[in-house]
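Okay, so here's the structure we're looking at.
The values are calculated or read from the model by the stated rules, or taken from the named source; none is laboratory data. Only a predicted model underlies this, so the values are computations on that prediction, with no experimental measurement involved. As a convention, Cβ positions derive from the backbone with ideal geometry for all residues, glycine included, and neighbour counts pool all protein chains shown.
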Ligand SMILES: *Cc1c(COP(=O)(O)O)cnc(C)c1O
């Protein structure tokens, strides 16, 4: 799997990780709604608990439905393994957990999902971790922010709230030079539009809540490991390279090689943090992934049409969408996301904060929700909602200034969406 998929994306999104149920022949992956699994005998139980044999013990750690989803996502991302968990935010904590310790820091992009900015600037400090926010277009600043206590570099591929694409190969080179893993949140792009591991990412995290599930039904997260990072090259990552007291001194990297990080995520991360995905959620997400490529194609096609229309409308100040030739990130987008720059973008309404609020209230097809990546078109005024907790400087840096509205373009008829925006813009700027 590290050499990339042997089948095409459309085939893998339906088949990777799944096989007819060995007990019944059921063609669709069953929802294994069980907490525990019967051991064959005491010796089998002991082998499982010692990590000498891979199998099912208890659904906080492993579950067959979730295992299919893990393999599906790992395959689509071109990784060696994946761990699913209860939400995208859980995935971020789970991703950092094996790398961090009190006093350690991460160097992160200023252009991040609002909830991630809060998680990284406030909440992780309770663990003694910290984040340094840097403009990731300034590679020297990224290098300069890295110090002896830095344990990871973190960014989004297509960054929320849209319009910005990270130069992944350049950032990966900076992380490499410092001997650090690069973690890329690929939620807004999905592996159909961008495969960060091919651009040098060590780990990929997802909020499966968004495009992977696609219908706005369940929350979930995933961490995919490229299997390429040498955790033993320095003494920076003792959780993976040094003896683990909870498993009789087992060394994860030495024992499991490229699967060390994934095994650690299950055997320590899920076991002790308990941020487990449930099998019902895994089922919905598996259903969603089966049509990922079809949906993403339509999402992108609609986004290009609507962004182009908005850009030419006199009631609009500007549109930030990397799929528009006028965007400073258009060329970079064609390299990093060759199949399209996603379906998430912002635009500035003439009339500022008040007009934005009116616009959001006047739309009919677009739903005003704090979500993205749904089949339905969604709208949010970030400054009064998701980015409300941020300072004005943080809002601006995150592309969520008061006069800016974010759209998550769905897969409805583009003409209907344009007509809806046209009506609402008239009401907002009257
Ligand atoms: C939604 C989102 C998250 C958080 O995911 P949850 O599933 O809501 O916890 C993280 N990153 C990005 C880019 C997101 O869109």
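Observations on the model:
- Checked against (1) at pLDDT below 95; (2) more than 13 Å from the ligand (Cβ to nearest atom); (3) at positive phi, residue 215 passes all but a single condition, namely (3).
- Conditions (1) within 11 Å of the ligand (Cβ to nearest atom); (2) surrounded by fewer than 23 Cβ atoms within 10 Å (Cβ to Cβ); (3) touching a residue at least 60 places away in the same chain (Cβ under 8 Å): number failed by residue 85: (2)
- Residue in the range 264-275 that is within 14 Å of the ligand (Cβ to nearest atom) and in the same structural domain as residue 16 (by TED's automatic domain parsing) present: yes
- Qualifying residue in the range 168-179 (condition: within 13 Å of the ligand (Cβ to nearest atom) and modelled with pLDDT of 95 or more): no
- Residue 340 vs. criteria surrounded by 22 or more Cβ atoms within 10 Å (Cβ to Cβ), more than 16 Å from the ligand (Cβ to nearest atom), farther than 19 Å from residue 309 by Cα and at pLDDT 95 or above: no
- Any hit, the range 238-248, residues being at positive phi, surrounded by fewer than 24 Cβ atoms within 10 Å (Cβ to Cβ) and either touching a residue at least 24 places away in the same chain (Cβ under 8 Å) or in contact with a strand residue (DSSP E or B) (Cβ under 8 Å, 6 or more places away or on another chain) (or both): yes
- When we screen 159, 67, 90 for residues that are under 23 Å from residue 29 (Cβ atoms) and within 16 Å of the ligand (Cβ to nearest atom), the only hit is 90.
- Any hit, the range 120-135, residues being within 11 Å of the ligand (Cβ to nearest atom), assigned by TED's automatic domain parsing to the domain that holds residue 220 and assigned to a loop (DSSP other than H, G, I, E, B): no
- Residues in the range 292-350 that are part of a loop (DSSP other than H, G, I, E, B), over 18 Å from residue 212 (Cα atoms) and under 25 Å from the mean Cα position of the chain (by Cα): 321, 322, 323, 324, 327, 328, 329, 338.
- When residue 298 is tested against the conditions (1) touching a residue at least 60 places away in the same chain (Cβ under 8 Å); (2) surrounded by 19 or more Cβ atoms within 10 Å (Cβ to Cβ), the lone failure is (2).
- Pick from the range 94-119, criterion part of a helix (DSSP H, G or I) and crowded, with 22+ Cβ neighbours inside 10 Å, ranking: farthest from the ligand (Cβ to nearest atom): 96
- Residue in the range 34-57 that is closer than 30 Å to residue 293 by Cβ and modelled with pLDDT of 95 or more present: no
- Test for residue 222: is it within 16 Å of the ligand (Cβ to nearest atom) and either touching a strand residue (DSSP E or B) at 6+ places or on another chain (Cβ under 6 Å) or at positive phi (or both): yes
- Residue in the range 62-83 that is within 29 Å of residue 13 (Cβ to Cβ) and modelled with pLDDT under 95 present: no
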